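Structure, as structure tokens:
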Amino acid sequence: MFVLGITGLYCSGKSIAGKLFIENGFVEIDVDKLGHSALNIKKEEIIQYFGQDICENGEISRPRLGKLVFSSDAALEALENMVHPVMVEQTKSLLKKYKKEQTAYISINAAILFKMGLDKLCDAVMAIVSPDEIIIQRGIARDGLQPDDIKRRLKKQKLYNENFKSAEYFIVNNDNFNEFMNELNAVLKKIKGE
């Protein structure tokens with residue numbers, strides 16, 4: 001079983017990379033999706049801490065919660081302390097399941113792979129980086145966020161950027177789609193020994 005960590009800042013191209021690897025036989029653990037489930041598991045605790053304002057129709061609104069936690073270090077830390085342990089346990093449990101099923105290739109897709117210590121569960125890590133201006137354009141187009149909200153989010157995530165240097169594979173996504181895909185395919189071939 002080979003486990004590849006796929007990491008990168010917000011809107012850097014992790015989803016595109018993840019999709020390509022899935023199409024080539026990888027089973028993906030999407031840590032962002034595990035975050036959704038962790039929010040549900042810890043729902044009462046989160047609402048108790050942050051208040052009813054983060055809710056919409058009785059459910060936690062991720063945009064509202066995101067706006068709140070990305071504007072305050074203390075709020076972000078509080079949320080991470082609640083949900084990260086759940087997400088790490090879910091990841092470990094999925095890896096165990098895949099090992100039993102003798103799955104050959106697995107990817108763990110997470111923006112803050114290093115911060116969560118998930119890199120320790122990987123055989124190799126691929127870090128994807130993009131210039132801020134490109135990330136801001138993508139964030140506006142994809143999520144309808146304001147440039148300042150994106151800059152705040154990037155500032156928080158960049159604290160773990162240093163770890164990207166320790167990644168076995170380092171890919172720059174400059175908005176040249178073909179070049180990006182070629183680099184991803186080269187990593188894929190290396191991993192599969194083709």
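The values are calculated or read from the model by the stated rules, or taken from the named source; none is laboratory data. Just so we're clear, the structure is a prediction, and the values are computed from it rather than from any experiment. Methodologically, a virtual Cβ is constructed for each residue, glycine included, from the backbone with ideal geometry; neighbour enumeration extends over all protein chains shown. These area figures cover heavy atoms from the full protein model, side chains too; ligands, DNA and RNA do not enter into them. Shrake-Rupley method; radii C 1.70, N 1.55, O 1.52, S 1.80 Å.
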Of all accessible heavy-atom area on the chain, the percent that carbon and sulfur account for (1.4 Å): 50 percent
For segment 84-90, Karplus couplings with θ = phi - 60° (6.51, -1.76, 1.60), whole Hz, Gly/Pro x: 4, x, 5, 5, 5, 4, 5
Residue pairs, from the table Lys33/Lys165; Lys100/Lys192; Lys151/Lys192, whose Cα atoms sit over 28 Å apart: Lys151/Lys192
Relative contact order (%) - the chain, alpha-carbon pairs under 8 angstrom, separation at least six: 37 percent
Table column - 3J(HN,Hα) (Hz), segment 63-74, Karplus curve with 6.51, -1.76, 1.60, x for Gly and Pro: x, 5, 5, x, 4, 5, 6, 7, 10, 8, 4, 5
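Mind checking Rg over Rh on segment 24-153, alpha carbons, Kirkwood formula for Rh?
For segment 24-153, the value is 0.99.
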Cα-Cα P(r), segment 133-173, percent of pairs per 10 Å interval: 27, 44, 27, 2
Size of electric dipole in the chain: Cβ of Lys, Arg +1 and of Asp, Glu -1, about Cα centre, debye, nearest 20: 340 debye
Convex hull of segment 112-194 built on C-alpha atoms - directionally averaged projected area, nm²: 6.2 nm²
Sites matching GluC sites (Glu not before Pro) across segment 1-99 that sit in DSSP coil, with at most 15 neighbouring C-beta atoms within 10 Å: none
Accessible area expressed per residue, the chain, with surrounding protein chains retained (probe 1.4 Å, Å²): 54 Å²
Residue-by-residue Karplus 3J(HN,Hα) for segment 110-126, coefficients 6.51, -1.76, 1.60, Hz, glycine and proline x: 8, 4, 10, 3, 5, 4, 7, x, 6, 4, 5, 8, 9, 7, 7, 10, 10
Selection from Ala186, Leu118, Phe164 lying farthest towards where the dipole of segment 114-194 points positive, charges on Cβ: Leu118
